[in-house]
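See structure below.
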Amino acid sequence: MYETIRAKRMISFLLCVSLLSLTAAFFFRFRWEQAQRREVQLRQQAYSQLVSSVSSLETALQKARCSGTASMLSQMSAQIWREAASASQALSSLPPETEGLQQVQKFINQAGEYAYTLIGRKASLTEQEYDTLSDLHQAADRLSLELLSTQAALGENLHFPQQAVSAGDFDTDTPEQADYPSLTYDGPFSDHLDQLEPLALQSLPTLSPEEALTQGAAFCGLSQDALTVTGETEGDIPCYRLEGGNISLLLTKQGGRALLLTDGRELTAPTLSPQKGAEIAQEFLRSRGYTNMCRSYYETNQGTVTVNFAPVEEGRLLYPDLIKVTVALDNGSILGFESRGYVMNHRVREFTPSGLSIEKAETLLSPLLTVKRRGQAIIPSAGAKEMDCYEFLCSTPDGAECLVYLNTQTGEEENILLLLTGENGVLTA
């Protein structure tokens, strides 16, 4: 009897020990898997940061090559240095055994250190220094492509396998041979800062829903009974929402200006060219009272073309006042209209006579650039201000294109935009 009880107690004890051991095993297994998932997430974030920083580094190096004034060179050099530091931080979070990691780290360090020596520089770049920037840009461009290729191979979720992966099949021979000094960062101006209030609507009367319906139908080219006022929106530009069939229109309460139009109808096979679509868009604007509008850049997407337009006043393109029009390439109908930039910024401006001629300003450009077109433009700046600039469309020795903006008063470079021309249109960086 006693032996039986003792045996049962021993069995119970062993079962408890086994259960505790199993629970502990599951717990530590869970914590280990949790740590593994966290490590993979950190690597994914680091690689995404690396791709983004190297892409920005490449863009900044290209802009530095295109700069012609000391202030713009210093600004771009500071950006190169910051992006190099960001890329270096991302590299430190990748597995040490990652293939090509040391070569990439060495190049990133070199680019950052070289840019650091150019910050605050007053003198112009020498021919050798331009060549060094060109070498660094070409290397950064190759690295960026390799990183994007590796990112695509890892999949949309950047799933890292257990074995080491490549940071990019990257050759840094060209930058390594440069004589570095020793040490002692999607159309132009489409994302500018808005004003605090819609300037184009000042002093205009407020419409009733019935008046809004009349104006909205006229803008869409429809009969009044084809649309219905379905609601209102608040915010910095209060609007009436008008809908009918596939069409949705936001019409400002004050002034009755079309702010946003969308037509969600199904498209058929394209029969029109993007150029023809742009002509239709410009005629649509003219028929709606938007005169003196100049076509800027465009983008095609799934049977449509979206064109940016800027008003022209006294020979100046007014980039803050952009309007975007989307045209269907199957029948030329208007599928989209967006005028937030125009509504927020358009007004009567007073222009100051230029302090230097456009010919004089052209001599201040980088000697690497060849001017293809020149003009004058108002561009937005930080703090919701605007600048009167000469606009130069230029090409680089390697065939790339850029827009350079020089202040009409001081000749200082205020901005440089790279033109990215693809099969779907022209974007800026």
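For the range 38-61, filtered to residues that are open to solvent by less than 30 Å² (accessible area, probe 1.4 Å) and among the small types (Gly, Ala, Ser), the residue that is farthest from Thr428 (Cα to Cα) is Ala46.
Of Gln49, Gln110, Gln89, which residue is touching a Pro at 6+ places or on another chain (Cβ under 6 Å) and part of a helix (DSSP H, G or I)? First the steps, then the outcome.
Details: Gln49 fails: touching a Pro at 6+ places or on another chain (Cβ under 6 Å); Gln89 fails: touching a Pro at 6+ places or on another chain (Cβ under 6 Å).
When all the criteria are applied, what remains is Gln110.
In this structure, Glu211 does not satisfy being open to solvent by 80 Å² or more (accessible area, probe 1.4 Å), at pLDDT 50 or above, out of contact with any strand residue (DSSP E or B) (no Cβ under 9 Å at 6 or more places or on another chain) and not in a helix (DSSP H, G or I).
Can you tell me which residue among Ala70, Ala64, Ala85 is surrounded by fewer than 19 Cβ atoms within 10 Å (Cβ to Cβ) and closer than 27 Å to Leu364 by Cα?
The unique qualifying residue is Ala70.
Looking across the range 368-417, the residues that are outside any strand (DSSP E or B) and on the phi < 0 side of the Ramachandran plot come down to Leu368, Leu369, Ala382, Thr396, Pro397, Asp398, Ala400, Thr408, Gln409, Thr410, Glu412.
Looking across the range 120-134 at every residue that is surrounded by 16 or more Cβ atoms within 10 Å (Cβ to Cβ) and not polar (S, T, N, Q), the one that is nearest to Met76 (Cα to Cα) is identified as Leu133.
Does any residue of the range 288-297 turn out to be assigned to a loop (DSSP other than H, G, I, E, B), touching an Asp or Glu at 6+ places or on another chain (Cβ under 8 Å) and either among the basic types (Lys, Arg) or crowded, with 20+ Cβ neighbours inside 10 Å (or both)? Within the range 288-297 (the criterion being assigned to a loop (DSSP other than H, G, I, E, B), touching an Asp or Glu at 6+ places or on another chain (Cβ under 8 Å) and either among the basic types (Lys, Arg) or crowded, with 20+ Cβ neighbours inside 10 Å (or both)), the answer is no, since none of the residues qualifies.
Filtered by the rule that a residue be farther than 25 Å from Gly216 by Cβ and under 19 Å from the mean Cα position of the chain (by Cα), the range 276-329 gives Ser296, Tyr297, Tyr298, Glu299, Thr300, Asn301, Tyr319, Pro320. Among the residues of the range 239-283 satisfying the criterion of being among the acidic types (Asp, Glu) and farther than 18 Å from Ala310 by Cα, which is surrounded by the most Cβ atoms within 10 Å (Cβ to Cβ)? The qualifying residue surrounded by the most Cβ atoms within 10 Å (Cβ to Cβ) is Asp263.
Matching residues to (1) under 21 Å from the mean Cα position of the chain (by Cα); (2) modelled with pLDDT under 85:
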| position | (1), (2) |
| --- | --- |
| Val40 | no, yes |
| Arg43 | no, yes |
| Tyr47 | yes, yes |
| Val54 | yes, no |
| Met76 | yes, no |
| Ala84 | yes, no |
| Ser88 | no, yes |
| Ser92 | no, yes |
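Under the condition of being buried (at least 16 other Cβ atoms within 10 Å of the Cβ) and either touching a Lys or Arg at 6+ places or on another chain (Cβ under 6 Å) or acidic (Asp, Glu) (or both), the residues counted in the range 396-411 number 1. Yes or no: Gln102 assigned to a helix (DSSP H, G or I) and closer than 17 Å to Arg43 by Cα? Yes: the conditions hold for Gln102. Return the residue satisfying two criteria in turn: it lies in the range 229-274 and is more than 24 Å from Tyr297 (Cα to Cα) and of a type in the set (Ser, Thr, Tyr), and of such residues it is modelled with the lowest pLDDT. Looking at residues that are more than 24 Å from Tyr297 (Cα to Cα) and of a type in the set (Ser, Thr, Tyr), I get Thr233.
How many of the residues in the range 339-362 are of a type in the set (Val, Ile, Thr) and either at pLDDT 95 or above or open to solvent by less than 50 Å² (accessible area, probe 1.4 Å) (or both)?
Residues that pass the stated criteria total 2.
Phe219 meets the conditions (1) loosely packed, with under 12 Cβ neighbours inside 10 Å; (2) part of a helix (DSSP H, G or I) in every case but one. The failed one is (1). Ala139 falls short of the stated requirement of being surrounded by fewer than 21 Cβ atoms within 10 Å (Cβ to Cβ), modelled with pLDDT of 80 or more and over 17 Å from Gln49 (Cβ atoms). With respect to Glu401, is the statement that it is under 21 Å from the mean Cα position of the chain (by Cα) and under 25 Å from Thr126 (Cα atoms) true? Yes, satisfied. Among the residues of the range 181-208, those that are at pLDDT 70 or above and either among the hydrophobic types (A, V, I, L, M, F, W, C) or assigned to a loop (DSSP other than H, G, I, E, B) (or both) comprise Glu197, Pro198, Leu199, Ala200, Leu201, Gln202, Ser203, Leu204, Pro205, Leu207, Ser208.
The values are calculated or read from the model by the stated rules, or taken from the named source; none is laboratory data. Just so it is clear, the model here is predicted, and its values are computed rather than measured. Every residue, glycine as well, gets a Cβ built from its backbone with ideal geometry; the counts of neighbours run over all protein chains shown. Surface areas here come from the heavy atoms of the whole protein model, side chains and all, with no ligands, DNA or RNA. Shrake-Rupley method; radii C 1.70, N 1.55, O 1.52, S 1.80 Å.
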